[in-house]
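The values are calculated or read from the model by the stated rules, or taken from the named source; none is laboratory data. Since this is a predicted model, take the numbers as computed values, not measurements. Don't worry about glycine lacking a Cβ; one is built from the backbone with ideal geometry, like all the others, and counts go over all protein chains shown.
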Amino acid sequence: MTDTDDLSHIRSYLPQIAEASSLELLESLRIDALGKNGSVTQLLKTLGKMSPEERQLQGPRIHALRESVGDAIAARKAALEKAALDARLAAETLDMTLPADAPLAGTVHPVSQVMDELAEIFADLGFAVAQGPEIETDWHNFSALNIPETHPARAMHDTFYLTQGQEAKAAGTFDERATFSLLRTHTSPVQIRTMLEQKPPIRIIAPGRTYRSDSDATHTPMFHQVEGLVIDKGITLGHLKWTLETFLKAFFERDDIVLRLRPSYFPFTEPSAEVDVGYTIEKGKRVIGGHPGREGGGGWMEVLGSGMVHPKVIAACGLDPDEWQGFAFGCGIDRLAMLKYGMDDLRPFFDGDIRWLKHYGFAALDVPTLSGGVGVAA
Amino acid sequence: MKFTLSWLKDHLTTDASLEEILDGLTRIGLEVEGVDNPGAALASFRVARILSAERHPQADKLQVLSVDAGDGPMQVVCGAPNARAGLVGVFGAPGAYVPGLDVTLKVAAIRGVESNGMMCSARELQVGEGHDGIIELPGDAPVGTPFPDYAGLNDPVIDVSITPNRQDCMGVHGIARDLAATGLGTLVPPTVPSVPGEGPGPDIRIEDAAGCPAFYAQEVRGLANGESPEWMRRRLTAIGQKPISTLVDITNYLTVDLGRPLHVYDRAKLSGGLVARHARAGETVEALNGKTYALSEGMTVIADDVAVHDIGGIMGGAHSGVSEGTTDVIIECAYFAPDAIARTGQALALTSDARQRFERGVDPAFLDDGLAIATFLVLEYCGGTASAVTRAGQPPLAMRSYAYDPDLAETLGGLGIPAERQRAILASLGFTVTTDWQVTPPTWRRDIDGPADLVEEVIRIEGIDKVAPVPLPRVPGVAKPTATPQQKLERRVRRAAAARGLDEAVTWSFVSEAEAAPFGGGAFTLANPISEDLKVMRPSLLPGLLSATRRNVARGAAQVRLFEVGRRYLADGEHPTLGVVLAGNARERGWKAGKAAVFDAYDAKAEAVALLAAAGAPVDNLQVMGEAGDAWHPGQSGTLRLGPKTILARFGMLHPALLKAFDLDGSVAAVELYLDALPAKRGGGGFMRPAFAPPALQAVRRDFAFLVPASLSADALVRSVRGADKAAITGARVFDVFTGTGVEPGMKSVAVEVVLQPTDKSFTDEALKAIGDKIVAAAAKQGAMLRA
């Protein structure tokens, strides 16, 4: 057998390797060629018996041959493995249009969301969030706020009274300042509690539940209010106006908020003003912002009651009204939510209808932030 | 408070348009609630003359009229008995809307005769009650004139909301005064006639000077009490009052015109003189509204020798009220103390136009003039002879004055207004201002109570819209957190709950007594609830959530996952709480998951633990104990406690009896989490966390299957296992519980996976075996045997 014959015989493996139809066949070819007794292995063994001259001539040829066989086997193996994998994956095909598990998405109630928005807006203005009891005393809810027992404004409040107060009156143990005798009719008693507990300067908002004995299409016996209070030196009605303007601009995220202050009356503020905000009509809906009366109609909507804290209220809290003055305001949270997010009926707020909650509620991660905007776009 | 434009113009000389007046009212704090022109609806009706009237050829009771409404003769079929040639009445042409009939007229054939419109009755046009025939106007009424113009119906009715401090604006005159001060015209002072009196005044006196400091009266004899004049009836009708008789209408008119309530007694029904005194125990009076009121001691009344005739300042008595036959009257003009009126009115739950004015404080200086105006009108429209005036008592005329610094307009009101301008505004409102700025309010402004009120007066007249916004000074430095730890906690658990797929509801703070009972009952009960369903303050959040669940189930919801963050109201205070109710399917049926699964107690436990973790509670250290309470399934509920006493949460299935009370069937799981029971963060809220480096060596896991008594709690077994080698064991978890084949009755198989964490060197086989032995020994103390 000549060298050339050996080599050409071995070369004939190459097409067989390239056409090997299975990994098993390829493996048997590999053993034939490169195994312990394989023809290429045998050929390599002949190198040791050769003369140096002959080895110099045959060595590179035999090594190159071995390499080409090895490469061919590796290439064919990769191709066969890929084909096998492709075939397996093709067999694993699923219907990707089948539904995945529905995401478990709960909601935050619009009232909570708006409370968080308010806290965020007012935090930037340096207002802390204050809280107080919902079951209140006569003194905190009325008398300290300059609403004495015979004041006509008390009748306007439609107060829910508790039997505890009546029983205490009958027993002669009633203490106007200590007997919890009613459900607060507004968040204003938090003003009183704050002024009693903290030294000025004071900047707070107080959101929470309030109660009036009222039930019709636009009133519910329970509703939510937010109170604002600033007590400091040199505070004027001008600061109040700016604060309300700034608040409403931040809340509705519009610069074209137009306010109209109307002189009004609250026993606990003097001067007092009701605050209307201009609305315009967009796509048949009332939208807060823009100049009422300009194209498309519009008008004024009452959103707030406000005023300079009455000197008697400041004095009732043990502060000197000649030294400290400030402003207060109160606003319906449910109403703010309705105006911003477009609910037109108050009653479903307190029904717990999951269809309504899913529609008007907010995603857990929609946390109002100043940097990201306090509102959640529809 | 309603009045008409023409009425206002009796008190205010002005060229201002209606729009300007409405705008001015709102601008100065007299909020316009509505404006309505009753004439507008009748604009298409005209004054018309019947030229001829012939019998209808087909009907005895109908006539065929020829009517001229200014455009020549029209044929009209009419059934009115008074229709006749020459009559001047009111004609509606086809197209006109007849409010009293709620029809729009059209050309029609009536019994074969064409009719081109209609001659109208007062009732058909809603301008009066008459319906016996068509309206008859005077013969000289100008034919063709729009009827509203002729009848003075084109008089807009303005409805203004008067705040409780402004008694003076509960009369048209006071409103005119405010408008005049803003520059919208000139105030016309009321004409006070001089009424000569003959003979002695009526016998009146005061015993209750505190409740009724002043009681003036005048008698008129020999009068006739008929229908009041047309102009007065028209105005009263326009503002929604029903004309009754001249005497009654005069008092009602003056109440609105001048804010001065009066009362007129029928002299013939009185026995002896009148006295303002305290009511006596047991006295009753039938008031003019037909209701009988039981009076209590201390209420101020006007009485004669026999009975009470007036709940002073609130409502007169029916017995001595005037009627058509009245000939002699006593006209009362008194001053009742506001506090006394308020107390009596509240006690009797009786409100009236008089009470509204007296309790806000009428002008004490207007008794003589008010009485003179009233008596003058009575003499004018009823005839008779007036007596002298009797004056008992003295109205409180003294007004407190205030030192006022005009700078206050700017330093409090934020609007710099020149001092002289302020002086002029105050003067125009009736205040007297001395050169050194001592300001005295007029007697009709008893609401003024200090310099801040004076600021309000000048600002509201000058224009509160002129106050410029001034930025609130920024607190220096970086913004500080403004929420309390409790508020932050509530925000966290709320969003954690929403993130876990729960929907936040807001339910009433009050529930029914029955709903409160299983939760310990309501500690606070409303004395005046809206309904029995909303009567006691909730001791738990679950009743409200269960009611909401029932409504959702009734609407077909297959899965309800509701939560609420709010307060429970217990005898010791208000407690922030989170409640969760899970009802219906925990998992919907699915192509992958198979059948639907209902919620079980472990779903509730998962929520409780997850929300406690979100709240920052040390969930690994909590103990699960029983005793959730009557509302819960006794065998499928528990409490999560920090130490044996502090209950952080209740969870589990609710008791079927409770669910039945809420009309719910099936199983409902719930959680109640007590947000104020959570321990405050340790470490004073610093940011630094305990040092930690992940162990270099890999943890080893070993499984142990134990046979334990069925009654042994998994928690007890796991605690023992964990405690077997505290240094090495970093975790232990039940991964299988089995009873049945191969496990003898009364026992169960519990499989626990234990995590062993080597520290500085790997465990040797011997070390692992030693730990395993300790685990088995510890479990054995609980009655557990390692399964073979």
### Task
Can you work out which of the residues in the stretch A:194-220 that are touching a residue at least 24 places away in the same chain (Cβ under 8 Å) and assigned to a helix (DSSP H, G or I) is surrounded by the fewest Cβ atoms within 10 Å (Cβ to Cβ)?
A:LEU196
### Message
B:VAL560 - would you say it is at the interface with chain A (Cβ under 8 Å from one of its Cβ atoms), free of Cβ contacts under 8 Å to residues at least 40 places away in the same chain and surrounded by 15 or more Cβ atoms within 10 Å (Cβ to Cβ)?
### Response
yes
#### Entry: Among the residues listed as B:GLU456, B:GLU420, the single one being more than 10 Å from chain A (Cβ to nearest Cβ), closer than 25 Å to B:ALA180 by Cβ and charged (D, E, K, R)
B:GLU420
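In the set B:VAL285, B:VAL248, which member is closer than 19 Å to B:GLY312 by Cβ, more than 31 Å from the chain's Cα centre (by Cα) and at pLDDT 95 or above? Let's see the steps before the verdict.
On the way: B:VAL285 fails: at pLDDT 95 or above.
Result of the check over B:VAL285, B:VAL248: B:VAL248.
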### Task
For B:PRO164, indicate whether it is touching a strand residue (DSSP E or B) at 6+ places or on another chain (Cβ under 9 Å), of a type outside the set (Asp, Glu) and over 23 Å from B:MET232 (Cα atoms).
yes
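Every residue in the stretch B:569-598 that is of a type in the set (D, E, K, R), within 46 Å of the chain's Cα centre (by Cα) and either under 30 Å from A:GLN164 (Cα atoms) or part of a loop (DSSP other than H, G, I, E, B) (or both), please.
First, pick out the residues of the stretch B:569-598 that are of a type in the set (D, E, K, R): B:572, B:574, B:587-589, B:592, B:595.
Still in the running and within 46 Å of the chain's Cα centre (by Cα): B:572, B:574, B:587-588.
Selection gives B:ASP572, B:GLU574, B:GLU588.
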### Task
Please go through the stretch A:279-325 and pick out each residue that is more than 14 Å from chain B (Cβ to nearest Cβ), among the acidic types (Asp, Glu) and in contact with a strand residue (DSSP E or B) (Cβ under 9 Å, 6 or more places away or on another chain).
A:GLU295
## Note on the structure
Of the residues in the stretch A:143-183, those that are away from every other protein chain (no Cβ under 12 Å), in contact with a His (Cβ under 9 Å, 6 or more places away or on another chain) and more than 22 Å from B:THR525 (Cβ to Cβ) come to A:LEU145
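This table checks each residue for (1) in a loop (DSSP other than H, G, I, E, B); (2) at the interface with chain A (Cβ under 7 Å from one of its Cβ atoms).
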| position | (1), (2) |
| --- | --- |
| B:LEU472 | yes, yes |
| B:ARG495 | no, yes |
| B:PRO539 | yes, no |
| B:PRO543 | no, no |
| B:ALA548 | no, yes |
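Could we say that B:SER52 is of a type in the set (Ser, Thr, Tyr) and not in a strand (DSSP E or B) here?
No, not satisfied.
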### Task
Could you grab me the full set of residues in the stretch A:135-171 that are more than 20 Å from A:VAL313 (Cα to Cα) and either hydroxyl-bearing (Ser, Thr, Tyr) or part of a loop (DSSP other than H, G, I, E, B) (or both)?
A:ASP158, A:THR159, A:PHE160, A:TYR161, A:THR163
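Would you check if B:ARG205 is within 14 Å of chain A (Cβ to nearest Cβ), in contact (Cβ under 8 Å) with a residue 24 or more places away in the chain, more than 30 Å from B:ALA41 (Cβ to Cβ) and surrounded by fewer than 23 Cβ atoms within 10 Å (Cβ to Cβ)? Walk me through it before giving the result.
Details: within 14 Å of chain A (Cβ to nearest Cβ): no; in contact (Cβ under 8 Å) with a residue 24 or more places away in the chain: yes; more than 30 Å from B:ALA41 (Cβ to Cβ): yes; surrounded by fewer than 23 Cβ atoms within 10 Å (Cβ to Cβ): yes.
Against the criterion (within 14 Å of chain A (Cβ to nearest Cβ), in contact (Cβ under 8 Å) with a residue 24 or more places away in the chain, more than 30 Å from B:ALA41 (Cβ to Cβ) and surrounded by fewer than 23 Cβ atoms within 10 Å (Cβ to Cβ)), B:ARG205 does not qualify.
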#### Entry: Conditions (1) more than 25 Å from B:PRO469 (Cα to Cα); (2) without any contact (Cβ under 8 Å) to a residue 60 or more places away in the chain: number failed by B:GLN422
(1)
### Query
Exactly one of (1) surrounded by 10 or more Cβ atoms within 10 Å (Cβ to Cβ); (2) at pLDDT 90 or above; (3) over 58 Å from the mean Cα position of the chain (by Cα); (4) not in a strand (DSSP E or B) is unmet by B:LYS726. Its number?
(1)
### Task
Identify the single condition in (1) among the polar types (S, T, N, Q); (2) assigned to a helix (DSSP H, G or I); (3) free of Cβ contacts under 8 Å to residues at least 40 places away in the same chain that A:ASN37 does not satisfy, given that it satisfies every other one.
(2)
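From the list B:LEU654, B:LEU642, B:LEU673, B:LEU659, pick out the single residue that is farther than 18 Å from B:GLY544 by Cα, surrounded by 13 or more Cβ atoms within 10 Å (Cβ to Cβ) and either touching a strand residue (DSSP E or B) at 6+ places or on another chain (Cβ under 9 Å) or at pLDDT below 95 (or both). If you could, list the steps in order and put the result at the bottom.
On the way: B:LEU654 fails: farther than 18 Å from B:GLY544 by Cα; B:LEU673 fails: farther than 18 Å from B:GLY544 by Cα; B:LEU659 fails: farther than 18 Å from B:GLY544 by Cα.
Testing whether each residue is farther than 18 Å from B:GLY544 by Cα, surrounded by 13 or more Cβ atoms within 10 Å (Cβ to Cβ) and either touching a strand residue (DSSP E or B) at 6+ places or on another chain (Cβ under 9 Å) or at pLDDT below 95 (or both) leaves just B:LEU642.
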### Summary
Of the residues in the stretch B:453-469, those that are in contact with a helix residue (DSSP H, G or I) (Cβ under 6 Å, 6 or more places away or on another chain) and of a type in the set (A, V, I, L, M) come to B:VAL455, B:VAL458, B:ILE461, B:VAL467, B:ALA468
### Query
Of the residues that sit in the stretch A:97-118 and are among the polar types (S, T, N, Q) and surrounded by 10 or more Cβ atoms within 10 Å (Cβ to Cβ), which one is farthest from the other protein chains (Cβ to nearest Cβ)?
A:GLN113
